[in-house]
1. Being within 26 Å of H37 (Cα to Cα), among the basic types (K, R) and in contact (Cβ under 8 Å) with a residue 24 or more places away in the chain is true for just one of K87, K159. Which residue is that?
2. Please go through segment 63-120 and pick out each residue that is in a loop (DSSP other than H, G, I, E, B), within 25 Å of K161 (Cβ to Cβ) and of a type in the set (A, V, I, L, M).
3. Identify all residues within segment 109-136 that are at pLDDT 90 or above, under 20 Å from N85 (Cα atoms) and touching a strand residue (DSSP E or B) at 6+ places or on another chain (Cβ under 6 Å); write none if there are none.
4. Answer yes or no as to whether I64 is modelled with pLDDT under 90, hydrophobic (A, V, I, L, M, F, W, C) and in contact with a helix residue (DSSP H, G or I) (Cβ under 8 Å, 6 or more places away or on another chain).
5. All but one of (1) more than 15 Å from S72 (Cβ to Cβ); (2) of a type outside the set (S, T, Y); (3) at pLDDT 95 or above hold for G175; state the number of the condition that does not hold.
6. Any idea which residue in segment 84-114 is nearest to S19 (Cα to Cα), counting only those that are over 11 Å from the mean Cα position of the chain (by Cα) and among the β-branched types (V, I, T)?
7. Taking segment 102-134, which residues are surrounded by 20 or more Cβ atoms within 10 Å (Cβ to Cβ) and in contact (Cβ under 8 Å) with a residue 60 or more places away in the chain?
Amino acid sequence: MNHNYFAQGAPTRRKVFVSYHHHGDQAYYDRFSTNFHDRYEAITDNSLERKIDSASVDYIVRRIREHHLQGSSCTLVLCGIETPNRKYVDWEIDASLNQSMGLVAVLLPTLQIHPNGGTNKPARLQDNIDSGYAEWVWWSEIIANPGLLLTKIESANSKSKTLIRNQRARMQYNG
């Protein structure tokens with residue numbers, strides 16, 4: 001695993017993009033930002049629904065790519081109960097995969113767990129977990145062991161890009 005060390009031995013601070021359901025999971029993003037702001041160059045909070053006024057999905061995805069993801073090496077998806085139903089989260093994952101960025105799912109305590117033990121995550125994200133491209137971790141694990149998130153990010157960034165699965169049509173509506 002490559003930790004990209006400075007000459008002084010401190011790990012390089014990764015620039016990451018955080019995708020989440022702003023209305024439902026803002027409190028988790030706020031806690032995430034507070035707990036990890038010293039570890040990463042930037043944790044980006046761009047509420048796209050308020051910033052991009054357009055009906056063109058292609059235009060919005062291009063804006064996501066050019067103005068919100070640029071310079072980030074990895075996208076973290078905070079997965080709560082409503083996350084799979086949010087079109088902007090789907091579009092952010094799509095744009096991230098089109099740029100071959102690392103992808104890490106952070107499973108929040110609100111995530112629905114099915115009787116078979118599975119969880120309800122965004123479909124495009126689940127495709128990439130299934131292919132072995134995306135990493136995932138429980139919220140409680142990164143809060144208890146903050147270094148684990150860096151391990152997941154580094155692992156996600158080192159994955160073969162041939163594992164990327166991004167064939168789904170983009171969501172058109174929130175569920």
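1. K159
2. Step one: list which residues in segment 63-120 are in a loop (DSSP other than H, G, I, E, B), which gives 70-73, 80-82, 86, 99-101, 108-112, 114-118, 120.
So of that shortlist, the ones also within 25 Å of K161 (Cβ to Cβ) come out as 70-73, 99-101.
If the condition is that a residue be in a loop (DSSP other than H, G, I, E, B), within 25 Å of K161 (Cβ to Cβ) and of a type in the set (A, V, I, L, M), then M101 is the only one that fits.
3. Correct list: K121, L125, N128, I129, A134, W136.
4. Criteria met by I64.
5. (3)
6. Among those that are over 11 Å from the mean Cα position of the chain (by Cα) and among the β-branched types (V, I, T), it is T110.
7. Residues satisfying the conditions are V106, L108.
The values are calculated or read from the model by the stated rules, or taken from the named source; none is laboratory data. Worth saying up front: this structure is predicted, and the values here are computed from it rather than measured. FYI the Cβ positions are ideal-geometry reconstructions off the backbone, even for glycines, and counts take in every protein chain you see.
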